[in-house]
Structures are given as structure tokens and as C-alpha cells.
Amino acid sequence: MCFPPGRVYTSEQKISPGTDKPPQRLGYSAGGRVRNVGQRFPRKLVLVASLSDVSIPKLFKASELPMPASVYIESSVISYLTARPSRDVVTAARQAITLDWWQNQRHKYEVYISALVEEEISSGDPIAAEQRIKAVSSISSVAISPEAQTLAASLIASKAVPPHCVEDAMHIAIAAAQGTEYLLTWNFKHINNAETKSLIAKVIEASGYICPVLCSPEELGVFDND
């Protein structure tokens, strides 16, 4: 594989010398549970000056490639997934789209939630909370790292996310620090906002990470036209 000089590549998926195996999967403790989480290395920006700066990775077996894209699922998606059918046209449409993505698209990705998601979906009506928790019971959960906390503080300080929306900043920061490629959300006010996404990306990249694609279930995946 050739890497032209002057391009930006990521440090994700580094292989230890003398081995054909990818890095060891790491476990996290979240919400009192220990899960086997597929840790993705933070996708930090690396400027390649010449071919000599690039170490060529060893080839994997065909069965090991390609690795599915990673998706961080924010709490609003789970809420739409398990909520009772709404009479509101917009809400009902989002519920239908979310259910379709969950049933037909989710398996194409490596999906994650976080300890913060678990905390948010556990609040409110006990019966509704139980349904939300059950929906994500098989999904790996990541802890809130110090790096994510620092990044969230930077998003707040730069006004990329309003000061009163610390949880929204944390979702973005957790996804970025974890190295996930997509952040799935129905939060158009403070996360998937066309006016603030560029500033969010700027803050994240200034901190040395790559910003995940902020998108809704309607925007991620290939859907049938039927």
C-alpha cells in the first residue's frame, strides 16, 4: 500500500512489531458492569512528511478485513427507539427511522454507548427506563476518560456547546476521545447542528483528535427505497 507524502493519516490500528495480531481489546467498567469493549485508539492527526515516516502495516487475512466503522449511540436515539408511538408526525417519522436503522443497519457497524448514556436512559419512568436499558444490554459501554472530560471542557469554553449543556459536550468528547467514526443522535440543537458542527470539529482537531461524523439515523446507512 502506498502512502503519498504530505497527507494526513491516523494513528489508529497500530500493530505491535513482530506480531500479526491487532492490539489487545480492553475492558472498561461502566455502570457497575465490566464489559469487553473494543477499544479504538484515538484517531489523532499525524502529518506525513515523507514515505520514510510511514511504517507499512502487516497484511491481515481476508477474514479480518475490513473492520466495521464504529458508531457511538447517543441517548436520544435509544429514547426514540423504545418510546410509545407518537401522534406527532415528525416524532413518529423519527421513531420509524430509528427502528429501521436499529433492525437493518446497526449490524453493519461496531456500536458503542457510554456510562453517560447508561445514566441518562436509566432516569425517568421506571418501566420506560427498563425498556431502554434492555435495548442496549448487548452493546459495549465505555467509561468517561480524563481525556474526554478535558475535551468536553474545551468544547464548553470555546462556546461550541452551550455552558448549560455539559452532557451534550460530554457525548461528543467521549466519542472523539474513543476514536469512533460516527456519533448517532437526534439532538439537532447542540450536537448535530449545522451552525455549530464546524466549530465543534475545529476544537476537537485542535486537541489532536479527529471529529466523528455527527449524524442522525436518517443520514447513516443505505436504506431501501421501498
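The values are calculated or read from the model by the stated rules, or taken from the named source; none is laboratory data. Because the structure is predicted, anything quoted here is derived from the model rather than measured. Glycine also receives a Cβ, built like all others from the backbone with ideal geometry; neighbour counts cover every protein chain displayed.
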Only one residue in 117, 77, 111, 90 is outside any helix (DSSP H, G or I) and at pLDDT 95 or above, so which one is that?
111
Check on residue 86, in contact with a helix residue (DSSP H, G or I) (Cβ under 7 Å, 6 or more places away or on another chain) and farther than 24 Å from residue 212 by Cα:
yes
Looking only at region 141-167, count every residue that is touching a residue at least 40 places away in the same chain (Cβ under 8 Å), closer than 12 Å to residue 204 by Cα and either touching a Cys at 6+ places or on another chain (Cβ under 7 Å) or buried (at least 20 other Cβ atoms within 10 Å of the Cβ) (or both) and tell me the total.
3
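Please determine, by comparing only the residues of region 107-142 that are of a type outside the set (Asp, Glu) and in contact with a Gly (Cβ under 9 Å, 6 or more places away or on another chain), which one is farthest from residue 72 (Cα to Cα).
Let us first name the residues in region 107-142 that are of a type outside the set (Asp, Glu), namely 107-109, 111-117, 121-124, 126-129, 131-142.
Filter again for in contact with a Gly (Cβ under 9 Å, 6 or more places away or on another chain), leaving 108-109, 112, 115, 122, 132, 140-141.
Values: 108: 13, 109: 10, 112: 5, 115: 12, 122: 18, 132: 16, 140: 10, 141: 9 Å.
Looking at the filtered set, the residue picked out is 122.
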Please determine, by comparing only the residues of region 195-215 that are crowded, with 18+ Cβ neighbours inside 10 Å, in contact (Cβ under 8 Å) with a residue 60 or more places away in the chain and touching a Pro at 6+ places or on another chain (Cβ under 9 Å), which one is farthest from residue 93 (Cα to Cα).
209
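Looking at this structure, is residue 218 of a type outside the set (Ser, Thr, Tyr), more than 12 Å from the chain's Cα centre (by Cα) and either surrounded by 24 or more Cβ atoms within 10 Å (Cβ to Cβ) or closer than 28 Å to residue 82 by Cα (or both)? Before the answer, list the steps.
On the way: of a type outside the set (Ser, Thr, Tyr): yes; more than 12 Å from the chain's Cα centre (by Cα): yes; either surrounded by 24 or more Cβ atoms within 10 Å (Cβ to Cβ) or closer than 28 Å to residue 82 by Cα (or both): yes.
In short, yes.
Given the criteria on the phi < 0 side of the Ramachandran plot and of a type in the set (Lys, Arg), does residue 159 qualify?
Values: on the phi < 0 side of the Ramachandran plot: no; of a type in the set (Lys, Arg): yes.
Spelling it out, it is not the case that residue 159 is on the phi < 0 side of the Ramachandran plot and of a type in the set (Lys, Arg).
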Wholly within region 126-226, which strands (runs of 3 or more DSSP E) include no fewer than the required count, namely at least 2 residues that are among the hydroxyl-bearing types (Ser, Thr, Tyr)?
140-142
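Would you point out the residue of region 119-135, among those that are surrounded by 15 or more Cβ atoms within 10 Å (Cβ to Cβ) and without any contact (Cβ under 8 Å) to a residue 24 or more places away in the chain, that is nearest to the chain's Cα centre (by Cα)?
Checked region 119-135; the qualifying residue nearest to the chain's Cα centre (by Cα) is 133.
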Taking region 179-194 only, how many residues are more than 18 Å from residue 79 (Cα to Cα), under 17 Å from the mean Cα position of the chain (by Cα) and either at pLDDT below 95 or surrounded by fewer than 22 Cβ atoms within 10 Å (Cβ to Cβ) (or both)?
4
Would you say residue 96 is touching a helix residue (DSSP H, G or I) at 6+ places or on another chain (Cβ under 6 Å) and either assigned to a helix (DSSP H, G or I) or on the phi > 0 side of the Ramachandran plot (or both)?
no
